[in-house]
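Below is one structure, written out as C-alpha cells; the observations come after it.
The values are calculated or read from the model by the stated rules, or taken from the named source; none is laboratory data. Computed from a predicted structure; not experimentally measured. Glycine gets a Cβ as well: all are built from the backbone with ideal geometry, and neighbour counts include every protein chain shown. When the accessible area is computed, the model is the full protein with side chains, heavy atoms only, and any ligands, DNA or RNA have been set aside. Shrake-Rupley method; radii C 1.70, N 1.55, O 1.52, S 1.80 Å.
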Amino acid sequence: MSEHKIAVYEDGGSPRIGLIAGAPDRKGRVEIVDPRGATRAMPAGKILLELPHRIGGTREAAGAALERLSSDAGALSPDLASLWELVREEGAPIPFDDLLELLYGNPSNREVLGLYTALWGDSIWFKRKGETWEAKSERLVAERLEQLNKQRRTEETRAAFLAHVGSALSGTDPLDRRTWESFLGQLREVALRGDEYQGNPFFPEAVRTLCKEHRIASTPIGFGAFGLLFRLGIFSLHEDLDLLRMAPPAVPMDLPPLPEPACETPAAFPLPLITVDDESTRDVDDALTVRTLEDGWELTVCIADPASVIQPGSPLDLAARTRATSIYRPDGTMHMLPEEISCDLLSLSEGVPRRGLLFTARIASDGALLEDRIEPATVCVDRRMSYQEVDTILSGSGTDSPGVLEAVRTLAAATDLLEARRRAAGGMDFPFPEARIRIVEDVPTITILDPTTPARRIVRECMILANTIAANYAIRNALPVIYQTQPPPDEPPGPTDTLARAWAVLRTLKKAEKSTIPSPHSSLGVPAYVQASSPLRRYADLLAHHQIKAHLAQEPPPFSPELLVEIMGHQEVVTAEAARLERARVRYWQLVWLEARVGEQFDAILLSDPDGRGHVTAYLPALALRCALTIGGRLAAGDVVQIQVIGVHPRRDELHLKHVV
C-alpha cells in the first residue's frame, strides 16, 4: 500500500492541500494531485509546508481522505488569542513550527492544517512575514477587534431592520419610523435616485430582498423602493418624487417687520383698479386700470411690492433667490415666499391698502408707446375679477358697476392695439390650451383653458407692457438688470393660427436667453424686456424691483453687473428645472385621468407630418396633452384622427395609444 506526502500550497490567494506525486523533476517542479484527482506541476518553492503524517492507500482513497482532512481542519478553531498572549512580547517573527508546538505539542495533520489555515486567514492577531509570523501590537489588535465588533453590530442592525420592515409589510408589527428613520431615509433616496443612487450598497440590496420576499416589482430599483415605501405608508400612491428630488430650501419663518400702508392715502385713479385672475389664485401680484386721453390712453399696471419688506441679502431674500420661483402643481403650490407674505400681507387683495409699484404708459391711438414711468404708491384694489367675469362683460352680457364696465372695455380696446403693434413688430402667440387640473381624493378633474379669450389677452398684453416699461426704465437710467432676450429665427415664421402651424413655428424659434445687455425679444415683438410683473412668485422679478426701487430712492443699486451674472446662472438652472417639474406633474395627472379610461377613444390632432415609419407628434384636445403616436394611412399635420387608449402607467410616464383607422 502506497503512502503519500501531503503538501500545503497557495492557489488563488488561499492555502490548499494535495498529494505530492514523486520527486521534483529537472526543472524543480513537483506534481501535485488535488483531492479531486486533478494534477498540476508547480515549482517546489510554491509549496508552503508538508504535513507531518502521510496518507496511505490508493490515490482515489487518499483523495477522499484529503477531502475529509480539509473539512475537519476547517471546522477547527485554534485559540489564536491565547497563542498571541504567549508570544506578543517576543518582538520578532516566529516560525510556524514554534507556534505549532506552543499550541499543540505533538500535532496531528488536522491540527497543523487547521492552525496554518487559521493563521493565513487571520486579520486580528498575527501578520505573515515570509515563512514566519509576527504578533501584532496591542494597539493594532484593539483597533481590529473594535472594527470587527462594529461590523458585527452593523450586520446585526441591518438584519434587525430587514426583519422589522418585513414584519411591517406583512402586517405583523407597526412600522417604527423613529427608530429606523435613517434607514428609511436611505430607502427614500433609492426611490428618488434609482440607478444613480450612490449611497451604501446595502440599501439597494435590501430593496431587492424585501421586494422579492413580499412580491413587489423591483425593476428598476427606484420603482422597487417606491413600492416598498408606498406599502409601508411613507409614500402616497401619487407621491411627487420630482419635488422631493428638487429639495427646495426652507423659507425662514421669522418674517421681517411689515409696513403698514393703511396709514397712507391710496393712489386715486379715474377708473377702478381691478385684478383679473383665476378664481383659485391667492398670490395676486398685478392690478390694472386705464384712463382715456384725447390721443389714446394712459394704462397703469400696479405690481405688488415685496421689496418694501424684503431687504437685498436678508435671509428671506437669499432663500427666495435659492428657490428662484414658485412651483405650481395640480396637487399643491410650493411658494417662493412664505404664504403669509405672498398670499396675504402683500397680495393685492380687494379693498385692502397695499404697497405697489405703478408701471404707467401713455399709449397712442395706434398702439404706439409714447412715454412711460415707474413710481411707488399705496393702492387699493376696487374689484377682484375672474377671467370668466371679464369675458362675460366683453361678450355684452355681463353686469357690474359702470366704472368696472368702462375699465374692462377700455382695457380691451387699448390692449387690442398693443397686441396688433407687437404682431406688426414680429411678435407671435401660440394658441395651445392649458390643462387646469383639480385633485379631489386622488381623482383628477381636468378643465381646458383657452389662452386666446379676451380676458387672458388683456392680462397678457398688460404684463408684456409692464415688463417693457421696466426694460425702458433700466436702459434710460443705465441700471444693471437681467434682460430676457431672443434672437430672431433664421427664416420668417409662418402663421400660428392653428395648433399644427403654431407647433411648426415653435420648433423653428431660437432659445430665449438672459443677459445683462438689452436686446430684442423676437417672439414677443418688443425691443427690450425685463421680467418685473411677478415679484411674489419669481426671484428675477423681485431682483428687478430691488434695482428699480433703489434708483427711485436715489440710492446705488444693490446688485452689481457681476453679481447679476452669477445670480442669472443659478436662476436659469432652477427655473428650468421648476418648469420641467410643473410640466411633468401635469402630465402625470393627465395620465392618471387616462388610466381610468383605458379602451376609450379620443380625437387627436396631428401636429407634425408622419415620418417614414408613421411616427408623429399628436395633441389630445380633451386633455391639452402632446404625445407620440404611430399612424397608418395618408395623413398630414393638422388632420384629426381617432385614437384608442391601450395602456397607461403614470409612474413610469408610459402612454400607449392606437390609431383607430
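Numbers at a glance
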read-out	value
Tabulated pairs, the stretch 111-123, first over 13 Å from Leu76 (Cα atoms), second of a type outside the set (Phe, Trp, Tyr), C-beta under 6 angstrom, 6+ apart or interchain	Trp120/Pro15; Asp122/Leu80
Residue within the stretch 94-105 that is open to solvent by less than 60 Å² (accessible area, probe 1.4 Å), closer than 26 Å to Ser137 by Cβ, part of a strand (DSSP E or B) and touching a helix residue (DSSP H, G or I) at 6+ places or on another chain (Cβ under 7 Å) present	yes
Members of the stretch 587-620 found to be under 23 Å from Val443 (Cβ atoms) and open to solvent by less than 50 Å² (accessible area, probe 1.4 Å), listed by number	Tyr588, Trp589, Gln590, Leu591, Val592, Trp593, Leu594, Gly599, Phe602, Leu620
Meets criteria (part of a helix (DSSP H, G or I) and either exposed (fewer than 13 other Cβ atoms within 10 Å of the Cβ) or modelled with pLDDT of 95 or more (or both)) for Phe230	yes
Lone qualifier among Val648, Val586 - being among the hydrophobic types (A, V, I, L, M, F, W, C) and outside any strand (DSSP E or B)	Val586
Complete set of residues in the stretch 551-582 that are on the phi < 0 side of the Ramachandran plot, part of a loop (DSSP other than H, G, I, E, B) and open to solvent by 20 Å² or more (accessible area, probe 1.4 Å)	Ala553, Glu555, Pro556, Pro557, Pro558, Ser560
All positions within the stretch 166-182 that are in contact with a His (Cβ under 9 Å, 6 or more places away or on another chain) and assigned to a helix (DSSP H, G or I)	Gly166, Leu169, Ser170
Residues that are over 22 Å from Asn472 (Cβ atoms), open to solvent by 20 Å² or more (accessible area, probe 1.4 Å) and not hydroxyl-bearing (Ser, Thr, Tyr), drawn from the stretch 364-402	Cys380, Asp382, Arg383, Arg384, Gln388, Glu389, Asp391, Leu394, Gly396, Asp400, Pro402
Contacts under 9 angstrom Cβ, first residue in the stretch 137-154 being within 21 Å of Leu83 (Cα to Cα), partner modelled with pLDDT of 95 or more, 6 or more apart	none
Unique residue being touching a residue at least 60 places away in the same chain (Cβ under 8 Å), surrounded by 14 or more Cβ atoms within 10 Å (Cβ to Cβ) and not in a strand (DSSP E or B) when the list is Ile464, Ile475	Ile464
Hits in the stretch 498-550 (condition: in a loop (DSSP other than H, G, I, E, B), hydroxyl-bearing (Ser, Thr, Tyr) and surrounded by 18 or more Cβ atoms within 10 Å (Cβ to Cβ))	Ser522, Ser523, Tyr529, Ser533, Ser534
Cβ-Cβ under 8 Å pairs, at least 6 apart or on other chains, the stretch 408-432 side on the phi < 0 side of the Ramachandran plot and among the hydroxyl-bearing types (Ser, Thr, Tyr), far side at pLDDT 95 or above and open to solvent by 50 Å² or more (accessible area, probe 1.4 Å)	Thr410/Arg291; Thr410/Thr292; Thr415/Arg457
2 or more residues among the aliphatic types (A, V, I, L, M) and under 23 Å from Pro312 (Cα atoms): qualifying strands (runs of 3 or more DSSP E) within the stretch 331-381	353-364, 369-380
Candidates Arg501, Arg457, Arg507 - the one that is more than 26 Å from Asp609 (Cα to Cα) and basic (Lys, Arg)	Arg457
Of residues in the stretch 76-93 being assigned to a helix (DSSP H, G or I) and of a type in the set (Gly, Ala, Ser), the one least open to solvent (accessible area, probe 1.4 Å)	Ala81
Lone qualifier among Ala62, Ala73 - being modelled with pLDDT under 90, under 25 Å from Lys136 (Cα atoms) and open to solvent by less than 30 Å² (accessible area, probe 1.4 Å)	Ala73
